[in-house]
Structures are given as C-alpha cells and as structure tokens.
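What follows is calculated from the coordinates using simple rules that are stated; it is not laboratory data. Computed from a prediction, not measured in an experiment: that's the story for all the values here. Glycine also receives a Cβ, built like all others from the backbone with ideal geometry; neighbour counts cover every protein chain displayed.
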Amino acid sequence: MTDKTNTPQPSDAVQTTGHAWDGDLQEYNNPLPRWWLWSFYGTVVFSIFYWFIYPSWPVGDTWIKGFGKVEYTTVDKATGKEQEKKFRWNTRALLLEALGNAANDPQRKEMLAKVQAADYEQIAKDPKMVEFVRSVGKGLFGDNCAACHGGGGQGVVGLYPNLTDDDWLWGGSIDKIHETLMQGRRGFMPAFGQVLKPEQLDDVAEYVLTLSDEAPKSEASERGQAIFQGQVGGCYYCHGADAKGLPVLGSANLTDKIWTIANVPAQKTLQDKKAAIKEFVAKGVNNTRIMPAWQDRLSPTDVKLLAVYVYQLGGAQ
C-alpha cells in the first residue's frame with residue numbers, strides 16, 4: 001500500500017477510504033443503512049430487558065429468575081374446586097397453564113359431562129363421544145399406561161400383556177377392563193420346581209406345547225397330560241380342564257398361540273420352546289405380574305375414558 005491518496009470524490013458519489021493500492025485499487029466506504037443500525041441497537045436494548053423478564057444468566061450458585069409470571073388454573077383434589085395460581089415464568093408453568101386452559105375449555109367440559117353421564121353402550125353408539133374418548137383417552141393412556149404396555153398397547157412379552165390382541169387374562173369386556181383399572185391385578189402361579197422332577201417338568205412343557213400345535217403329540221406329552229390333569233400337577237385347577245384358562249383367576253389360555261409370559265414365538269427349536277415354558281413352570285409367577293389399582297390415582301371419569309379407550313384398541317372387539 002502506498003501513502004498516495006485519491007482525488008476527493010463528488011459529494012453524491014460513493015466515497016472511498018482515501019487510500020489506494022497499486023496506484024488505482026481503491027476501497028469504497030459504504031456505511032450500513034441507518035435503519036439497519038437502529039434496528040441492531042434496538043435488539044441489543046431488547047435483549048437486556050429480555051434477560052430480566054425471563055430466566056437467563058447464572059449468578060453465583062443461582063441464576064436470574066426473571067420477573068415474568070404465568071397464571072394457571074388447577075383443581076384441588078381434596079375439594080374439587082378450581083384455584084388460580086401464579087408462578088414465575090418457566091416451561092413447567094407454561095405446561096400447567098396449557099393443561100389448565102385445555103381442562104377449562106367449555107366444549108371439553110360439556111363433552112366430559114356427557115361421557116360421565118352416559119353408559120358404555122351409549123358411548124359406543126355416539127360417533128362424537130367415541131372420537132372424544134379416543135382423543136382424550138390416548139393422552140391418559142400415554143401418561144399412565146404406556147410406560148408398561150407401550151404407546152400402542154402392544155405390551156412386552158413376559159412382562160406386560162398386549163392390549164391389542166383378543167386374549168384377555170381377566171376378561172375383555174368394558175366392565176371387566178374398568179374393574180381391572182379400578183382394582184388392579186396381581187398375577188400368580190405357584191412354583192413347581194420343588195414338586196415335579198426335571199423329567200416331569202419336561203413332559204408338562206411338551207404337553208403345553210401340543211395344546212397350541214407348537215409340538216406334535218408324543219409319549220412325553222401324554223405323560224405331561226396325566227400330570228397336568230391329575231393330582232400331581234393339578235394344573236387344570238387354574239387353567240381349566242380344557243386348558244383355556246379362567247378369567248376369574250387371570251389364568252392364561254394355553255390353547256391359542258398368544259403367549260403373555262413365556263416367549264415361545266421367539267424360540268426356533270422345540271427344545272428352546274420347552275425350556276421357555278419349563279422355566280415358568282418351575283419358578284412360578286409371583287410379584288412379577290402386578291398392575292396397580294388406579295381408583296385412588298385417577299378420577300372416575302378418567303378411569304371410564306381409559307376403559308373405553310383400551311376397549312377401542314381393537315383386542316376386545
């Protein structure tokens with residue numbers, strides 16, 4: 001760069017910085033538009049106010065919590081009355097505000113009252129109520145049931161029942177589903193590991209597989225049938241003489257191909273299938289198949305909505 005400067009430019013021309021490179025290379029001096037500068041200054045001022053309205057910078061072992069407030073309505077569980085609450089701005093308070101606004105929507109309240117007053121048959125015949133139950137029930141299911149049964153109610157083999165098939169341990173009518181939700185369920189099967197010999201456990205497992213055509217009949221399955229139907233095993237007391245289960249006890253139907261505990265479909269060989277069944281026959285089922293009661297956790301209306309929603313998942317229809 002040289003010390004040589006350019007000839008002054010006319011006032012209406014774009015000005016240069018006054019320096020030249022290699023004799024004729026000049027640098028223009030184009031300042032930012034004034035409106036852009038004022039907009040930038042405005043954003044700086046706005047950000048300072050923003051830092052104090054909402055939670056922002058850390059200060060020592062805390063942070064600037066802001067003086068913005070969120071008002072929302074809650075319902076007191078003891079009295080059932082609505083309460084207005086005010087809390088400093090945060091995402092949790094925003095969620096509570098959104099939930100409160102949704103709960104207080106006049107149309108929603110009206111439809112909830114209709115569902116609450118209707119019986120299950122009336123709900124099933126009213127398309128608007130069915131649509132409402134499907135919408136609200138999905139949220140209730142996601143909040144309270146999906147953690148175990150999955151978002152779509154498909155369950156987990158060995159842990160939580162599939163609610164979309166047609167196999168119901170405790171009965172699949174709406175009344176039975178409602179009863180299950182209210183009271184909860186506790187699955188139980190005694191352990192036979194100390195009662196039956198290992199070869200007897202093998203025979204019983206093979207007989208159980210023949211009930212659903214997972215294995216052909218054999219001498220072993222005949223011996224297993226004698227144990228199943230006799231006093232030694234006594235399996236028919238719970239599963240029934242036809243092995244189709246008893247809903248009053250929550251015992252499984254062993255004649256279909258739906259397995260809620262032993263993951264038989266995932267096994268490829270007969271020996272692996274027998275091992276899967278034998279494990280549960282030997283160890284039993286105790287304190288591993290528990291569903292909590294919801295009568296003290298959800299309102300009667302919410303339980304009713306959930307009962308209809310679960311019924312609508314398809315398994316009971």
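Details
- Local net charge near ASP175, Cβ-Cβ under 13 Å (Lys/Arg +1, Asp/Glu -1): -1
- P(r) weight above 12 Å for the range 169-222, C-alpha pairs, percent: 72
- Degrees, to the nearest 10: 198-211 long Cα axis against longest axis of the chain: 80
- Distance between modelled label sites at THR288 and SER39, nm, 7 Å Cα→Cβ extension: 6.6
- Principal semi-axes in Å for the range 121-231 [√(5λ), Cα gyration tensor, largest first]: 40, 15, 13
- Residue-span extension gain [PHE46 to THR62] - 0.36 nm each, minus C-alpha spacing: 3.5 nm
- The chain, helix-only ellipticity at 222 nm - DSSP H runs n ≥ 4, -39,500 (n - 2.57), divided by all residues, nearest 500: -13500 deg cm²/dmol
- All-pairs alpha carbon distance profile, the range 195-306, 5 Å steps from 0, percent: 2, 11, 19, 23, 17, 9, 6, 5, 5, 3, 1
- Answer label for mean projected area of the Cα convex hull in nm² (calculated), chosen among (1) 34.6; (2) 19.6; (3) 18.5: (1)
- When each of LYS197/LYS244; LYS81/LYS114; LYS197/LYS278; LYS109/LYS304; LYS125/LYS257; LYS81/LYS125 is checked by Cα-Cα distance, pairs over 23 Å: LYS197/LYS244; LYS125/LYS257; LYS81/LYS125
- In nm, spacing of pseudo-spin labels at LEU270 and ASN90 (7 Å Cα→C-beta vector): 6.3
- For the range 21-166, the normalised intensity computed at q = 0.12, 0.15, 0.18 Å⁻¹ comes to -0.84, -1.02, -1.16 (log10 of I(q)/I(0), Debye sum over alpha carbons, equal scatterers, no solvent).
- Rg and Dmax [Cα atoms of the range 90-130; Å; Rg one decimal, Dmax integer]: 13.9, 43
- Note on LYS69 and ALA241: the extension gain reaches 55.3 nm, defined as 0.36 nm multiplied by sequence separation minus the Cα-Cα distance.
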